[in-house]
Structure formats: C-alpha cells, structure tokens
1. Want the number for residue 133 to residue 114: 0.36 nm per residue separation, take away the alpha-carbon distance, what's left?
2. Tally Lys/Arg at +1 and Asp/Glu at -1 over every other residue whose Cβ is under 10 Å from the Cβ of residue 222; what's the total?
3. Evaluate the charge dipole of the chain about its Cα centre and quote only its size in Debye, nearest 20, assuming +1 on the Cβ of each Lys and Arg and -1 on the Cβ of each Asp and Glu.
4. Over the chain, what is the relative contact order in whole percent, taking alpha-carbon pairs under 8 Å and six or more residues apart?
5. What do you get when you divide the Cα radius of gyration of segment 184-284 by 2.2 N^0.38 Å, with N the number of residues?
6. Could you tell me the center-to-center distance, by alpha carbons, between segment 103-151 and segment 210-230 in angstrom?
7. Counting pairs of alpha carbon atoms under 8 Å apart in space and at least six apart in sequence, what relative contact order in percent does segment 140-284 give?
8. What net charge do the residues around residue 130 carry, taking every other residue with its C-beta under 12 Å from that of residue 130, with Lys and Arg at +1 and Asp and Glu at -1?
Amino acid sequence: MTASLTWVDAFTDPLASSNGKRFSGNQAAVCLPDPDATLSDEFMQSLAFELGLSETAFVTPTPTDAPAAPDFDLRWFTPTVEVDLCGHATLASAHALRQRGVVDGTVPVTFHTRSGPLRAAFDGDSIELDFPADPFVGGPLPAPLTSQFDGSDVIACGRTGFYTVVVLATEAAVRDFRPDLAAIAAVDNKALLITAATAATTATATAGADYVLRVFGPNVGIDEDPATGSAQCSAGPYWATALGKVDLVALQASPRGARFRVRPGPDRVRIAGTATTVFEGHLC
C-alpha cells in the first residue's frame, strides 16, 4: 500500500511569520491513499501518532454520478483520538487536492464527515469552508478553572459539545493567559476556548482583526492548538452578535499565529483562509 502525504500549514498569517505564509497557522498532514487501498482505523490512528501533528486528515474519493461536483470522504485524527470536526485539516485537505491536481479548483469540493457534508470553495489563494454553527450555551465557570481566571476578566462563559468557552474582557488577558493543563483536563469537555475582542489601540486591530482566541486541548492530545477552524463555529456567532458585524476577522494568538475570515449565518459559518504546502512525500 502506498499513499501520498502532503504537509500543509493552514490558516496562515503572513504578519505572524518572517517567512511569509510558511511556518504560521496550523500544521496538518493530508493522506491520499491509492485508489485501491483500504486503511484501517488502527493504521490511521497510528500514523497520526507517528506524525505528531495536531491533526492528520485522510481523504478518499466518494463514488458520484456528478463528476463536476467532486465528493470525498474525510476523517481527522489527533495523535490520540479521532475527532468529529476539524477546520484547519479540512482547509489543508482542499489545498492538497488542488495542489496535487486531483481537483482543479473551479468548483467546490464536498467532504463527507462525521459532522455531515462540509463544502470547500476556492477563490484564488483563499479557500472558504462552510461549517455548521455551534453557538455556546451560557453557564458557570467550571470549578477546575476558577484559579485560572481573575473574576473581573471573565465577561461570559459556557460550553458546546466540544469546547468550554470563556470570553475575557481584554485581548491582553487572552494573549497573557498561562494555561494550567491539568486543570483544563479536569473539566468534563474536550478543549478550552478563550476569546476577547481586539483592542482598538493594538497592531492587531490595525491589521483588521475583530477578535482573538486561543484553544487548549490536553484531553485530545493537543496542549495548545496553533489554529482552530472549528472554534470559529462558536466564537464567530458570539462576536457577530456582540460586535454587530456580519463579516469578521479573527486572529489565533498562538505562538505560530493564524488568521481567519469568518461570516456567521443562522445555521452555518463560513470560514476562509489560506494554506501553503511545506513538503510532499509518499508513505511506503
């Protein structure tokens, strides 16, 4: 069995890296098996662990009677678990399919996933994802996290099926946050999402950003995620309402940095960004 592997930086932020788009955003490996290959769940999880990236995506063509509308099955694995939804590895998968000439980018690609069909549309260097909205339901700050936050900094909190969400009063509180990973792991949820509106006096606002965020997922094998597309399905709807805006720009304040264009709707969220290939190879 052979398969192509493409290492992609997704949701890149040229302002975060002196190397342009490279070495910013979030790393994903995209595996495109040979047409006659069948990969077991054990193999996919083992490969994701071997590569050690936050996500490894596995893409296989889906038989269709409409060749002009390419369909693919898509699964995502962290080093320790399979996940139901991943934004940056979906963006990376669409990028890799076009990079390798599997699709030409003239029509959207549909990915069939555990979260239903997801669409990726190409617009020059940019790729726009169409994802389900996942607004958080308000609630108290979980007890294990009370020592992590100054009460005056927290303006809202809640949860989704995946994230514990904490909205902070200032951008600086997000950027300066020092996670206690054991405390975060003690919360009965997969990951912690913290977010705040950008400060009007900072360079991020000058660059056109509306909000910042960070994501920590020790329960899924990711201490801090560099760029999290699926988090925009929760943060985007919140900030669209709070800021009274339809089109938003988000920055992930991870050490690598990431940039998203976010357009929340009633039931779906469109999340756009750029990606770049770091290297390509084959798995023997």
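1. That pair, residue 133 and residue 114, stretches by 5.3 nm at full extension.
2. -3
3. Charge dipole, the chain, about its Cα centre: 640 debye, nearest 20.
4. Normalised by residue count, the contact order of the chain is 22 percent.
5. Expressed relative to 2.2 N^0.38 Å, the Cα Rg reads 1.18.
6. One Cα centre to the other: 12 Å.
7. Computed over segment 140-284, the figure is 16 percent.
8. Value of the local net charge: +2.
The values are calculated or read from the model by the stated rules, or taken from the named source; none is laboratory data. All of these numbers come straight from a predicted model, not from anything done at the bench. Every residue, glycine as well, gets a Cβ built from its backbone with ideal geometry; the counts of neighbours run over all protein chains shown. To get the accessible areas, we keep the full protein, side chains included, count just its heavy atoms, and leave off ligands, DNA and RNA. Shrake-Rupley method; radii C 1.70, N 1.55, O 1.52, S 1.80 Å.
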